[in-house]
């Protein structure tokens, strides 16, 4: 299985060590939120220099506060600093509460805004000169874009039908959060594959991100997930995808149970159409270190098989 983990630590040195250990343990990737150490790209670039093959991806960088030309140049700079292939840029429009209430920006047309954004970003990262005049984003990039020394794949955080079409048409795939296997099978995979086929593009990646806890008491495990991920229940995009997937809450969407049960749930994600799994380990009970080790041990076994 292609299994990655949530990346991030309190210092750049700790992020580098985390990446070294994850690579040594056979994990395929690490996924970093937009606020890791304030901006994940710098520590990711440092970690990339100290590793040889593990993929380092953002999940996700927000579109609204960063123009796509600046975003593309930041990505190229980080990739060049890494000095090897393996940087992947996951982007997404974030949520209305963040964009409108924190940044003070309009969130009236997130689908249109994201489509324009990704058309510009992916064109720039392919080395094209982009002259684009849109409703939300415009650019004249001639002479303002750094030359990419290596490919930088782009994944779109896509849960709605429109953004799944955009991801298949323009991006290299999608990076998901809180999408159960049922939602991937019936909603996500068919739409993104149809869009990629219609655009003549390769089969897209589908990176499925979910909380994971290997624990014998499933009720206790779901309580631990609710305590750490309960806020996602109040975000409309996650609420909708959980409903589609038959999960009433983040705790119900999580992969929990003993080793046999979690192994089966991980396989169900792949059977539904996921190409990669992004596991966010949730410790359960008073001995958090032992709980984390138990979950990581199973994931490492599957990642190395």
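The values are calculated or read from the model by the stated rules, or taken from the named source; none is laboratory data. These numbers come from a predicted model, not from an experiment. Quick reminder, even Gly has a Cβ in these numbers, built from the backbone with ideal geometry, and neighbours come from all protein chains shown.
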> How many residues are buried (at least 19 other Cβ atoms within 10 Å of the Cβ) and touching a helix residue (DSSP H, G or I) at 6+ places or on another chain (Cβ under 6 Å) when one looks only at the range 120-135?
Replying inline: 6
> If you check residue 9 against the conditions, is it modelled with pLDDT of 95 or more and at negative phi?
Replying inline: no
>> Can you find a residue that is surrounded by 22 or more Cβ atoms within 10 Å (Cβ to Cβ) and either under 15 Å from the mean Cα position of the chain (by Cα) or closer than 20 Å to residue 200 by Cα (or both) anywhere in the range 138-151?
In response: no
> Identify, please: which residue in the range 224-236 is surrounded by 16 or more Cβ atoms within 10 Å (Cβ to Cβ) and out of contact with any strand residue (DSSP E or B) (no Cβ under 9 Å at 6 or more places or on another chain) and is, among those, nearest to residue 94 (Cα to Cα)?
Replying inline: 235
> What are the residue pairs meeting all of these: first residue in the range 215-235, first residue within 13 Å of residue 280 (Cβ to Cβ), second residue at pLDDT below 95 and outside any loop (DSSP other than H, G, I, E, B), Cβ atoms under 8 Å, and 6 or more apart or on different chains?
Replying inline: none
> Is it fair to say residue 207 is buried (at least 23 other Cβ atoms within 10 Å of the Cβ), in contact with a strand residue (DSSP E or B) (Cβ under 9 Å, 6 or more places away or on another chain) and more than 19 Å from residue 58 (Cα to Cα)?
Replying inline: no
>> Can you go through 292, 240 and tell me which one is closer than 20 Å to residue 157 by Cβ, surrounded by fewer than 20 Cβ atoms within 10 Å (Cβ to Cβ) and modelled with pLDDT of 95 or more?
In response: 240
